[in-house]
Amino acid sequence: MAGTGEKRAGGRIGGPAAAVSSGGGAGSGGRIGGRGDSRGPGLSRFADLAGVRLYRRNAFAVTGLPANAQGRAVRQQRQRLEARLAVEESWPGDAVSPSAGGYRRDEVRSAFEELQDPRRRLVDELLWRWGEVDLGCDCPRSLHVDHDTAVRNHLVALAAETEHGHVPAGNRHALWGSAAKAWGRLLGQPAFRTHIAHRIRALDDPRLAAHTADEFLAALPRLLVSPFTELAADPAFRARLAKVCAGWVEQQAFSGLFFELFEEMVEERTERIEKGVRSAVGLQNTQKYADAARILLREVVPAFEELGDFRTFLSDWRHEEAAHVVAVSLNNLAVALQRHHQVRRPSESQRRTILELADKAQEFAPARDAEALATNRAAFRRQFAGRGQSHQQLAGGGTRSRGQLGGDRGGMGCTPVVLVIIGWAVLGSVAGFPTANGVALFLAVPAAFSGAFWRWCLRLLTRTTRRRHR
């Protein structure tokens, strides 16, 4: 039919061949901070620290050593902690460490091992406070203050999100904003690069000399935003994701990272959409409409709505393609159900399903599909919305609905008591008991009831007459 029909564009859209394309954002597409990083084994410490435990795993946080500790100071602290952990289960770490329950012996031992490799040590040093210690550099005092502010703000924001749930969401948002601004300001200062170059020379190790300050600078922004990958797995945080990350996107150092950062999560939801649509279309083609509707409404729709949580960090064309596939799939199932119910009156729940499919199709429709799906939705509503509507002309022409669209039993709009009284009068007349009351009530019926009642009476009269002839 012309008005309410399947959406087409060079063939059937929404079937298995119309899968959501998986192209998309900036970057290489892998998980940020993952072990498959292209920076090579020399800077693998960035990958090891990635995630919400970024600061908890920091070697200086674990050992309690200052950022300039070397040689003898490191050995003495190790001996002290080993002796302590021989009799105690854990120790709290640095005074400002975001530890939950302290550090156990194996964590402390591992942290001291990290300090033995200057390439890994420098990463931890850049991500812990410098305080008043002498790092042998000629940096302006303001640079060290900016660095420590960035570390503290980021650490507090992460701790508030992961360990101290009593902090109101609005306050946590402010903490994230402060961390983004502080790190963005620090990474944009040429003096910060100069400091890293100085520390490479000061640590004086051939393994570290093979790297440049620019390599560390390039890797830092990815590591700093890596916690969002884990945090976004929490539905409560995901609802705040766009708002929280907006402050980081504003900083030049982080602006290009979020497409890549959320690629894995986007890919997972895209695959769920593709799989659900393929399954629903297969069920639709075998007329298993209820199962197809369940998959679209309970699996595909939630996956697409979750994809919307990442809208700020998703390319326009990719989101539009996903919206197109989902909207057209919903529309096409609604059309199939409408055609099915031209010859079989739908139940109340079936009518609601058709309308829900049409509503969601229009809600998700991208601009290219909006007009056609809005027309279809209007036609579905004329035919299926509300009780007691009949003979509605579908949009753009087509067949009329058969009879009245009532409830599950196809009722005629009369109460049970009235039906009993009228039925008694009719039966009395047909059976040869033309009492005055029965005749009067029988004659009064045309003024009160529709043709549907008379069709019911005629069917009853026909059956009674046939029984008499037998």
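The values are calculated or read from the model by the stated rules, or taken from the named source; none is laboratory data. All values derive from a computational prediction rather than experimental measurement. As a convention, Cβ positions derive from the backbone with ideal geometry for all residues, glycine included, and neighbour counts pool all protein chains shown. With ligands, DNA and RNA removed, areas are computed over all heavy atoms of the protein, side chains included. Shrake-Rupley method; radii C 1.70, N 1.55, O 1.52, S 1.80 Å.
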Given (1) assigned to a loop (DSSP other than H, G, I, E, B); (2) surrounded by fewer than 20 Cβ atoms within 10 Å (Cβ to Cβ); (3) in contact (Cβ under 8 Å) with a residue 40 or more places away in the chain, index of the condition His166 fails: (3)
In segment 346-355, residues that are open to solvent by less than 50 Å² (accessible area, probe 1.4 Å) and among the hydroxyl-bearing types (Ser, Thr, Tyr) total 2
From Gln116, Gln70, Gln79, grab the single residue that is open to solvent by 40 Å² or more (accessible area, probe 1.4 Å) and modelled with pLDDT of 95 or more. Gln79
Check segment 178-194 and report whether any residue there is free of Cβ contacts under 8 Å to residues at least 24 places away in the same chain, buried (at least 16 other Cβ atoms within 10 Å of the Cβ) and not in a loop (DSSP other than H, G, I, E, B). no
Scan segment 234-254 and tell me whether some residue there is open to solvent by 40 Å² or more (accessible area, probe 1.4 Å) and touching a Lys or Arg at 6+ places or on another chain (Cβ under 6 Å). no
Residue identified as in contact (Cβ under 8 Å) with a residue 24 or more places away in the chain, surrounded by 15 or more Cβ atoms within 10 Å (Cβ to Cβ), closer than 30 Å to Ala233 by Cβ and out of contact with any helix residue (DSSP H, G or I) (no Cβ under 7 Å at 6 or more places or on another chain) among Ala111, Ala61, Ala150: Ala61
In segment 356-380, how many residues are farther than 25 Å from Glu267 by Cβ and surrounded by 18 or more Cβ atoms within 10 Å (Cβ to Cβ)? 9
Please specify each residue of segment 259-273 satisfying the condition of being open to solvent by less than 40 Å² (accessible area, probe 1.4 Å) and touching a residue at least 60 places away in the same chain (Cβ under 8 Å). Glu260, Leu261, Phe262, Glu263, Val266, Thr270, Ile273
Name, by its number, the condition in (1) open to solvent by 10 Å² or more (accessible area, probe 1.4 Å); (2) in a helix (DSSP H, G or I) that does not hold for Leu223. (1)
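Rundown of residues vs (1) under 23 Å from the mean Cα position of the chain (by Cα); (2) closer than 18 Å to Leu223 by Cβ, yes/no style:
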site	(1), (2)
His144	no, no
Ala150	no, yes
Leu155	no, yes
His173	yes, no
Gly177	yes, no
Might you check whether a residue that is in a helix (DSSP H, G or I), modelled with pLDDT under 95 and β-branched (Val, Ile, Thr) occurs anywhere in segment 291-305? no
Just give me the residues in segment 311-328 being farther than 12 Å from Thr270 by Cα and outside any helix (DSSP H, G or I), in sequence order. Ser315
If I filter segment 240-281 down to residues being polar (S, T, N, Q) and assigned to a helix (DSSP H, G or I), which single residue comes out as farthest from the chain's Cα centre (by Cα)? Ser279
Pairs please, first residue from segment 323-349 and more than 25 Å from Phe304 (Cβ to Cβ) and polar (S, T, N, Q), second anywhere and open to solvent by 20 Å² or more (accessible area, probe 1.4 Å) and not in a helix (DSSP H, G or I), Cβ atoms under 8 Å, 6+ apart in sequence or on different chains. Gln342/Thr399; Gln342/Arg402; Ser347/Asp408
For segment 119-147, the count of residues that are open to solvent by less than 30 Å² (accessible area, probe 1.4 Å) and among the polar types (S, T, N, Q) equals 0
Taking the condition of being of a type in the set (Lys, Arg) and within 30 Å of Arg240 (Cβ to Cβ), how many residues in segment 309-352 meet it? 2
Taking Val156, is it within 23 Å of Leu241 (Cβ to Cβ), assigned to a helix (DSSP H, G or I), open to solvent by 60 Å² or more (accessible area, probe 1.4 Å) and out of contact with any His (no Cβ under 6 Å at 6 or more places or on another chain)? yes
Might you let me know whether segment 85-103 holds any residue that is surrounded by 18 or more Cβ atoms within 10 Å (Cβ to Cβ) and assigned to a helix (DSSP H, G or I)? yes
